[in-house]
Amino acid sequence: MIYLKQVIEKEDLRKFVMFPFELYKNSKFWVPPIINQEMDSFNEDLNPNLKDSKVEMFLALEDQKVIGRIAVIINWYEVKEQNTNKIRFGWFDFVDNYNVSKILLEKVVEIGKANNLEYMEGPMGFSNLDKVGVLTSGFDVIGTMITNYNYDYFKSHYEKHGLKVEKTFHEKTFLFEDIDTEYYEKMSRIVKTRNNLKEVNFYSTKKVMSRANEMFDLFNKSYAKLSSFVKITEEQKEHMKEKFLSFVNPEYIKFVENSENKIVAFAIIMPSFAKALQKMKGKLMPFGFLHLLHAKKFNKDVTLYLIGIHPEYQKLGVTAIIFNSFIQTLKNKGIKICRRTPELTDNLSIDKIWKNFSPKLIKTRCTYKKELH
């Protein structure tokens, strides 16, 4: 008999976090999270996302063995400030048994109705910076530190239970050797001169941190027009600085400033930590952190994590300045491949940025939606 158990005790939270390690233990393409960080994601004292969100986690069990899990999330800022009556769900993993996925999704419906919400959507996390989407193609390509991985049977479970595709995301990659460097050098000079702009490079994390809040403010402005966007709060900025920026080589962060020294564009690239995380098997200690340090310094693949452009500058070609700066930095470090994080297929302004890079589609993922009434 399959039954649900709500995660209350730390012992059950650990089972919740560890379930994917069992489910994907034979996969060459799944990238494990860092166990302690994943546990901390559900700690109200450590994750500021939980200040604006309600989350309940559940395990699906049979004969006391975990066979599925789900997190049910209400982002109250989204509901109250944006009038988006949505209940989110994420951390949704399960064995290939329709009864398991069914009982987990029924809990989302139950909680959503109890809170007078109109529809459910997932998989997604607490905010726009969390992992999003169920993988629907690209199962034979290794994942990343910042994306979900799942088996190919997941899609059929969503469809079986009456959920429909709501948003589609593409992940693409390109080779640095295919980039026309002369074109970007020329365009960078023209755009800087025409608009009185300059690039800003970093060589210390301390300097990055001193301007991180300004960068996150620009991120909020850049994506404010997207209907699904939820802004980064002050508490989340501090969390992101500690959890995320400390991982990034400062040379992989680029700003563009105007004549008043205000940031009008930025981009962040991260080295690929996928292979390092697989070797670590979720553990930083005693030697796991060494794999991360090695990847940070020597990896030849990178992931473009964030890019933001002030709305007033989005049609002025400022990305040429950023890309030219990155091209020089990354070629000096021998970088071969750049991978983009999942991008909404209807975000045409972002898609246009990459038209000169000959990108190759490697993965597709979707969020699924279902009305509750």
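The values are calculated or read from the model by the stated rules, or taken from the named source; none is laboratory data. The structure displayed is predicted, hence computed values, not measured ones. Glycine also receives a Cβ, built like all others from the backbone with ideal geometry; neighbour counts cover every protein chain displayed.
Structure data summary
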| item | result |
| --- | --- |
| Selection from the range 64-84 of residues that are at pLDDT 95 or above and surrounded by fewer than 16 Cβ atoms within 10 Å (Cβ to Cβ) | Lys65 |
| Residue count, the range 244-266 (criterion: surrounded by 15 or more Cβ atoms within 10 Å (Cβ to Cβ) and over 17 Å from Ile322 (Cβ atoms)) | 3 |
| Residues being out of contact with any Asp or Glu (no Cβ under 7 Å at 6 or more places or on another chain) and in a loop (DSSP other than H, G, I, E, B) - total across the range 261-304 | 12 |
| Test: residue in the range 100-112 that is surrounded by fewer than 17 Cβ atoms within 10 Å (Cβ to Cβ), part of a strand (DSSP E or B) and not assigned by TED's automatic domain parsing to the domain that holds Lys243 | no |
| Residues satisfying the stated conditions in the range 323-354, i.e. in a loop (DSSP other than H, G, I, E, B), at pLDDT below 80 and polar (S, T, N, Q) | Asn347 |
| Flag for Thr147 being surrounded by 16 or more Cβ atoms within 10 Å (Cβ to Cβ) and in contact with a helix residue (DSSP H, G or I) (Cβ under 6 Å, 6 or more places away or on another chain) | no |
| Residue selected from the range 172-216 under the condition in a strand (DSSP E or B) and touching a Ser or Thr at 6+ places or on another chain (Cβ under 7 Å), by the criterion surrounded by the fewest Cβ atoms within 10 Å (Cβ to Cβ) | Asn201 |
| Filter result (in contact with a helix residue (DSSP H, G or I) (Cβ under 8 Å, 6 or more places away or on another chain) and assigned to a helix (DSSP H, G or I)) within the range 235-250 | Glu235, Gln236, Lys237, Glu238, His239, Met240, Lys241, Lys243, Leu245, Ser246, Phe247, Pro250 |
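So that you can scan it fast, the table gives a plain yes or no per residue for (1) free of Cβ contacts under 8 Å to residues at least 60 places away in the same chain; (2) within 28 Å of Thr233 (Cα to Cα):
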{"site": "Ala114", "(1), (2)": "yes, yes"}
{"site": "Pro123", "(1), (2)": "no, yes"}
{"site": "Lys131", "(1), (2)": "yes, yes"}
{"site": "Ser137", "(1), (2)": "no, no"}
{"site": "Val141", "(1), (2)": "no, no"}
{"site": "Leu163", "(1), (2)": "no, no"}
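Condition check ((1) farther than 25 Å from Lys331 by Cβ; (2) under 18 Å from the mean Cα position of the chain (by Cα); (3) touching a residue at least 60 places away in the same chain (Cβ under 8 Å)) across all residues:
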{"site": "Val208", "(1), (2), (3)": "no, no, no"}
{"site": "Phe216", "(1), (2), (3)": "yes, yes, no"}
{"site": "Glu238", "(1), (2), (3)": "yes, yes, yes"}
{"site": "Ser259", "(1), (2), (3)": "yes, no, yes"}
{"site": "Met270", "(1), (2), (3)": "no, yes, yes"}
{"site": "Lys297", "(1), (2), (3)": "no, no, no"}
{"site": "Gly317", "(1), (2), (3)": "no, no, yes"}
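Here is a yes/no grid of residues against (1) among the β-branched types (Val, Ile, Thr); (2) not assigned by TED's automatic domain parsing to the domain that holds Phe323:
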residue: Gly143; (1), (2): no, yes
residue: Tyr151; (1), (2): no, yes
residue: His161; (1), (2): no, yes
residue: Asp178; (1), (2): no, no
residue: Tyr183; (1), (2): no, no
residue: Lys186; (1), (2): no, no
residue: Val191; (1), (2): yes, no
